[in-house]
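To keep things clear, I will list the structure first and then write my remarks on it.
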Amino acid sequence: MDTQALKDSWHLVSRSGDQVPLYFYSVLFLTNPDVRDMFPVSMARQRDKLVAALGSVISNVDRIEEVVPVLQQLGRDHRKFAVVAAHYPAVGQALLATLEHFLGDRWTPQLAHDWTAAYNLVAQVMVEAANDASKTSPPWWEAEIIGHEMRTLGIAVIRARLNYQYPFRPGQSASFSYAMRPRIWRFYSFANAPRQDNTIDLHVRMVDGGVLSSALVMGARRGDMLRVGAAVGERLTLPPDVQGDLLMIAGGTGLAPLKALVEQIAYEGPTRRVDLVVGARNSRELYDYEALAKMAAEHPWLNVVPVVSHDPFYRGTRGYAVDVALQGWRGQHVYVCGSEEMAQATVGRLLDAGVPTEQIHFDEFTSDKGRES
């Protein structure tokens with residue numbers, strides 16, 4: 001397999017931008033109309049995710065062993081869309097047809113052979129992972145909303161009870177779906193450590209164009225049901241090799257997974273100090289400060305510092321969360337979560353200030369790969 005030819009050909013195709021996924025889905029739905037109902041009515045976000053996923057796999061095709069865990073997770077996660085092994089050949093055919101269309105004369109028999117081999121390898125890994133997962137877990141869990149509290153304009157805290165035992169670790173996320181927006185799944189982080197009563201908390205911010213976040217914030221009610229995919233993500237978890245005190249920097253609803261880590265430390269018995277800096281644009285967006293202040297009062301090892309950046313009338317600490325946090329950095333591991341913009345800017349400032357790369361932990365889902373908050 002000529003992996004360089006695969007990369008070069010994908011680079012050429014990607015120059016056509018949105019036309020590539022548009023053509024791909026046109027072929028897929030025309031040749032396999034039965035699969036259309038598996039996708040949301042609006043395909044805009046789906047098109048973006050397709051290009052990103054293909055680019056990621058192709059750019060690493062010569063290091064397939066490194067992307068196998070990602071492919072396995074995709075295979076397991078796609079069960080929630082009712083994807084089965086029989087769907088993969090149809091997707092492969094649509095992909096090859098798309099490549100042939102955009103490459104024109106550059107589409108040679110050898111290139112077609114290599115692309116077919118690469119796709120079949122990807123499909124095999126995903127199908128095997130899905131089959132293995134089906135032996136031990138459902139394609140999704142169901143959770144009943146038992147609490148919905150509007151904390152401020154556009155931000156709600158939701159508590160739901162899962163129907164079966166649900167394995168997850170503090171700092172992880174999962175994809176969620178809601179009956180008011182069928183076939184749309186978005187990632188949200190758990191705002192708590194696992195509990196005996198099988199409940200979970202979500203912090204949901206309504207974002208522009210966020211069809212699911214809008215429905216959850218404005219339309220969700222007690223008794224409504226959510227579907228919950230398997231927990232994913234390790235980058236914000238607390239592994240055994242991370243010892244000593246911690247510095248946490250939260251932006252907006254990025255507070256959720258960091259609050260879960262604080263709960264984990266409290267449950268396990270605190271052996272470290274935690275400084276949690278919570279940033280917001282204005283005081284109204286410090287939507288969970290009352291709960292955080294209560295936690296800090298109960299746990300002397302926890303120091304919570306609210307910081308507001310764009311409210312001249314705020315009487316507390318003003319500025320950017322990362323700048324305030326750096327004033328208290330004493331060599332701790334640093335956990336960061338927030339919007340993509342916030343995370344990138346914060347990590348950049350930390351690196352500039354001399355924080356070692358291996359001591360900075362931030363969530364890969366802080367990009368907008370399907371996340372709405």
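The values are calculated or read from the model by the stated rules, or taken from the named source; none is laboratory data. These figures come from a predicted structure and were not determined experimentally. Note that each Cβ is placed from the backbone with ideal geometry, even for glycine, and that neighbours are counted across all protein chains shown. SASA here: full protein model, heavy atoms, side chains in, ligands and nucleic acids out. Shrake-Rupley method; radii C 1.70, N 1.55, O 1.52, S 1.80 Å.
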Counting Lys +1, Arg +1, Asp -1, Glu -1, what net charge surrounds ASP201 among other residues with beta carbon under 9 Å of its beta carbon?
+2
If every alpha-carbon in the range 262-366 counts as one equal scatterer, what log10 I(q)/I(0) does Debye give at q = 0.19 1/Å?
-1.08
Treating every alpha carbon of the chain as one equal point scatterer without solvent, the Debye formula yields log10 I(q)/I(0) values at q = 0.10 Å⁻¹ of -0.71
Between ASP208 and MET180, how many nm apart are label points set 7 Å from Cα along the C-beta direction?
2.2
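By per-residue mean of other Cβ atoms within 10 Å, what is the highest-first order of 88-96, 107-115, 351-359?
Final packing ranking: 88-96, 107-115, 351-359.
Could you give the dipole magnitude of the range 262-373 about its Cα centre, charging the beta-carbon of Lys and Arg +1 and that of Asp and Glu -1, in debye to the nearest 20? Each step should come with its number before you reach the end.
Working: 11 positive and 17 negative charges, 86 e Å.
Here the range 262-373 has a charge dipole of around 420 debye.
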Can you tell me the equivalent ellipsoid semi-axes for the range 141-195? Use √(5λ) from the Cα gyration tensor, largest first, whole Å.
18, 16, 12
Mark the label point 7 Å from the Cα of ALA293 along Cα→Cβ and return the residues of the range 299-315 whose backbone N is within less than 17 Å of it.
299-300, 302-308, 314-315
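How big is the charge dipole of the chain about its Cα centre, in debye rounded to the nearest 20, if each Lys and Arg gets +1 on its Cβ and each Asp and Glu gets -1 on its Cβ?
940
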Taking only C-alpha pairs under 8 Å that are 6+ residues apart, what is the relative contact order of the chain in percent?
14
What are the membrane-span-like helices in the chain by this rule: whole DSSP H runs, Cα extent along the axis at least 30 Å, mean Kyte-Doolittle hydropathy at least 0.0?
109-134
Phi to ³J(HN,Hα) by Karplus 6.51 cos²θ - 1.76 cosθ + 1.60 over the range 302-315, Hz, x for Gly, Pro
9, 10, 9, 10, x, 9, 10, 9, 10, 10, x, 9, 6, 8
Taking the simple approach of a point 7 Å from Cα along Cα-to-Cβ for both ARG273 and THR116, what is their distance in nm?
6.5
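Take each of the peptides 253-262, 300-309, 324-333, 14-23, average the number of other beta-carbon atoms within 10 Å over its residues, and list them starting from the highest.
On the way: 253-262: 26.5, 300-309: 18.5, 324-333: 16.7, 14-23: 14.5.
So the peptides 253-262, 300-309, 324-333, 14-23, ranked by packing, come out 253-262, 300-309, 324-333, 14-23.
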Say R0 is 41 Å: what FRET efficiency, to the nearest 0.05, do VAL68 and SER16 get from their beta-carbon distance?
0.90
Checking rank on 129-138, 201-210, with mean other Cβ inside 10 Å and highest first, the result is 201-210, 129-138
Would you work out what percent of the accessible area of the chain, with all protein chains in place, is carbon or sulfur (probe 1.4 Å)?
53
Counting C-alpha atoms alone, how compact is the range 88-240: give Rg to one decimal and Dmax as a whole number, in angstrom.
20.2, 61
